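Nothing in this text is a laboratory measurement; each read-out follows from the coordinates by a stated rule. Treat the numbers as computed from the prediction; the structure is a model and nothing was measured. Ideal geometry is used to build each Cβ from the backbone, glycine not excepted, and the neighbour counts take in all protein chains shown.
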Amino acid sequence: MNRSSADHDRIESVPLAQALSERYLAYALSTITSRSLPDVRDGLKPVQRRLLYAMLQLRLDPAGGYKKCARVVGDVIGKFHPHGDQSVYDALVRLAQDFAQRYPLVEGQGNFGNIDGDNPAAMRYTESRLTKYAMALLENIDDDTVDFRPTYDGSEEEPVILPAAVPNLLANGASGIAVGMATSILPHNVGELCDALLFMLDRPAEAPLPTASEIMRFVPGPDLPTGGILIDPPATIAQAVATGRGGFRLRARYQVEQLPLGQYRIIVDQIPYQVQKSRLIEDIAEQLLAKKLPLLADLRDESTDQVRIVLVPRARTVEPELLMEQLFRATDLEVRLSLNLNVLDATGTPRVMGLAEVLQCWLDHRMIVLERRSRFRLGKIDDRLHILEGYLRAYLDIDEVIRIIREEDEPKPALMKRFELSEIQAEAILNLRLRNLRRLEEMDLRKEHAQLEAEKAKLTRLLAEPKLRRKALADEVKASRKAFADPRRTTFGTAPVIEPERFEAQVERFPVTILLSQHNWIRTARGHQLDLAEQRYKEGDAARFALEAQTTDRLLVFAADGKMFTLTVDRLPSGRGTGEPLSLFVDMAKGVPIIDAAVHRPGGKLVVATRAGRGFVVDEAAIVASTKVGRQVVDLDEGDQLVKVVPVKGDHLAVLGSHRRLLVFPLDQLKLLSRGKGVQLMKLHSASVVDIATIDPKAGFVWQTGSRQRREDTTTWIGERSQSGRATPVGFPKDLDFTRS
């Protein structure tokens, strides 16, 4: 059989779906376990672990010199991590950035980037070495404290995990995106973590994990490298601590500098974690030019190695609290940081843990390291004692030892037979130098023998008694706290509750007309009673809503999916252009139409109605939302949508169905809700609601027929909620629109 025939016989047919699923699963598992998720024990991803181990092999300890980062990256790629050099260098750079790492693992020399977002220099220009903190992670790695495995080519070995004498996962945090899962862990203060660990070690070993409130006595929340102020209530933080999932609102820290003549300026000296200062300045400047920050007059970046952003108010009468609150809402001076404590446990399984469980996993790991280190030391002690016992036997008759070495052709067997020595002991005696054969050496040997016996007894007792091991572990935690604890950088505060009227009082008040087009482009034109026919729109677009308002007002926008959005009129684009897309101001779901818009009336009420005929009354104050995501007000069944929102101007509600039936009933038969599905307005018989209106029944219906007005009494159509209603009056508009009546 020729070679091609043999190869053909080895071909196996596999369904494409099966082949793809098997390969994708292998890729997903590799991404999760070997790239994106950190290990709960040392808090490192594989590339970070390999970087530290390669630098240890290069003897780049804190007391030594620096080496080019290109040399480090080359060693990592050549020995342990067969990936691109740029990805390895990026990982190295991040370990050296004090604004990214709460406790840097690499000490860099050269340009390693900055908080502005500038790129680091190329690896051929920068140098690095390990920090003392990194050495604590590598401590005792050569004492059989962790397992090793062959490298990718089998030529060397690398550690599966590091001994990690500090709880690095929580101290430095981590982030990563795998396949189907991600992790986002925020840095914490190592001194606080050590206090929590000591608290856990003081408890009985069989005690359950501490509660969130117990942990928060020592670890009140994240402690970020760039500082800032956490403004979440303790209950929110406790929920995240307990579950390992949650989010934190972080604000920049600022101070008010008083100037002559009652003027002032605001100095921002800490910005939120992972916010690039240059982009933050650029964003504020763009919004300032677009007149979206009416309380701000100017800003300057006076930063050196310390952050210093100067904010100048529009006038000295502007309250600093209001100015900053406006900036917090509009810029990245306030951000939301997510917490997703998704890590690999000791078995390599990814799962989400609470803070207490993460700390317990680290304690379990350190207990294993302690036991393995103690057993390793016991083995070394036994080996040394064995040799010392041979030395001591030889010293009993040192002249005979010398004679045997001088006269015997094979001195080792002779020594073994004469003094009843093992081969190892005989070899050690033969390797002794002549100058070590003095009398004092025997005294030193007996002293060393006694010390080793005492140490052996101590280690044997340590391995036999769990309480002693927990005490030894507590001593190690105390040593780590003493070495690395530092003051907290991130503080805690609360966001002031500011009524919208206080913002409105700072805005110049003048009349405008809000123009919203059919394609959802929005703008304002100065003044009221405009000639709408002269207003310009994009080609193919046309007018839809024209609402008269003041610059101090707020605009309510209602979407068909039941969401309601709030826009401040003074921040809407103005001028003679075509405006801007509404999607720049609100986060609307794609394809969901806008069904109505209205100027907010303080103290006003609205009636909402869905196509399926359900509705309720809602206070306008209850639906005002200050965020782009808006507020979900109407809960809809599948296939239903919001069709109408009208202000309450009368005490009866008129409901019009697509089957041309009309029902009028007292408005007090509807529920007042802030969110919900509401109640049935009208029995529809497979029809749908097309319009609603609040009316005064005494005034009746009025509509235009030709050149004259018609008025119809409402008595015929007045009934109770959820009835079928009656046919519409003769001559009622065919498009079933109350605005025509």
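Just a few scattered comments:
- Pairwise Lys count, region 554-649 - Cα closer than 15 Å, eight or more residues apart or different chains: 6
- Exposed GluC sites (Glu not before Pro) absent - longest run of the chain, DSSP non-H/G/I/E/B, at most 13 other C-beta within 10 Å: 13-155
- Computed about its Cα centre, the charge dipole of the chain is approximately 1960 debye, with only Lys, Arg, Asp and Glu carrying charge at their Cβ.
- For region 44-163, averaging the sequence separation of C-alpha pairs within contact (under 8 Å, six or more residues apart) and dividing by the residue count gives a relative contact order of 28 percent.
- Here is how the number arises for the chain: DSSP H runs of 4 or more residues each give -39500 (n - 2.57), the sum is divided by the residue count, and the result at 222 nm is -10000 deg cm²/dmol.
- Qualifying trypsin sites (Lys or Arg not before Pro) in region 535-591, where qualification requires a DSSP coil assignment and no more than 14 other C-beta atoms within 10 Å, comprise ARG536, LYS538, ARG576, LYS590.
- Once both labels are positioned 7 Å from their Cα atoms along Cα-to-Cβ, the gap between ALA235 and ILE177 label points is 3.4 nm.
- Each residue of region 596-605 is assigned a 3J(HN,Hα), and the resulting list reads 6, 8, 7, 7, 5, 10, x, x, x, 10 Hz, derived from the Karplus form 6.51 cos²θ - 1.76 cosθ + 1.60 (θ = phi - 60°), x at Gly and Pro.
- In the chain, the ratio of gyration radius to Kirkwood radius, Rg to Rh, stands at 1.16 when only Cα atoms are counted.
- Applying the criteria of a DSSP loop state and at most 15 other Cβ atoms within 10 Å to the trypsin sites (Lys or Arg not before Pro) of region 121-166 yields ARG124.
- The percentage of C-alpha pairs in region 44-163 whose separation is greater than 16 Å is 58%.
- Relative contact order for region 128-191: 25 percent, from Cα pairs under 8 Å spaced at least 6 residues apart, divided by residue count.
- Principal semi-axes of the equivalent ellipsoid, √(5λ) from the alpha carbon gyration tensor of region 228-314, are 29, 15, 14 Å from largest down.
- With the charge dipole of region 453-558 set up from +1 on Lys and Arg Cβ and -1 on Asp and Glu Cβ about the Cα centre, the Cα lying farthest toward the positive end among the listed residues ALA543, LEU473, LEU462 is that of LEU462.
- With Cα atoms defining each centre, region 457-478 and region 364-430 are spaced 29 Å apart in the structure.
- Dimensions of region 629-668 based on its C-alpha atoms, expressed as ranges along the principal axes with the largest first, amount to 34, 26, 14 Å.
- Residue-wise HN-Hα coupling along region 86-97, computed from phi with Karplus coefficients 6.51, -1.76, 1.60 (Hz; x: Gly, Pro): 5, 5, 5, 5, 4, 5, 5, 4, 4, 5, 9, 8
- Region 188-232 and region 628-676 have Cα centres spaced 50 Å apart.
- Computed over the chain: relative contact order in percent, which uses C-alpha pairs under 8 Å that are six or more apart: 9
- Qualifying chymotrypsin sites (Phe, Trp or Tyr not before Pro) for region 124-213 [loop in DSSP, other Cβ within 10 Å: at most 16]: TYR125, TYR152
- Note on region 186-343: with charges restricted to the Cβ of Lys and Arg (+1) and Asp and Glu (-1), its dipole about the Cα centre is near 480 debye.
- Candidate lysines for bridging to LYS45, where Cα separation is under 29 Å - those fewer than 8 sequence places away on the same chain excluded: LYS67, LYS68, LYS79, LYS132, LYS277, LYS478, LYS482
- Förster radius 60 Å - calculated FRET efficiency between ASN119 and ARG433 (Cβ-Cβ, nearest 0.05): 0.55
- Dipole axis of region 301-429 (+1 Lys, Arg; -1 Asp, Glu on Cβ), positive-most option in ALA414, VAL352, PHE328: PHE328
- Whole-angstrom gap from region 276-347 to region 46-91, using each part's C-alpha centre: 37
- The length gained by stretching the chain between ARG526 and GLU453 to full extension, at 0.36 nm per residue less their Cα-Cα distance, is 16.9 nm.
- Among VAL241, PRO225, SER688 - extreme Cα towards positive end, dipole of the chain, charges at beta-carbon: SER688
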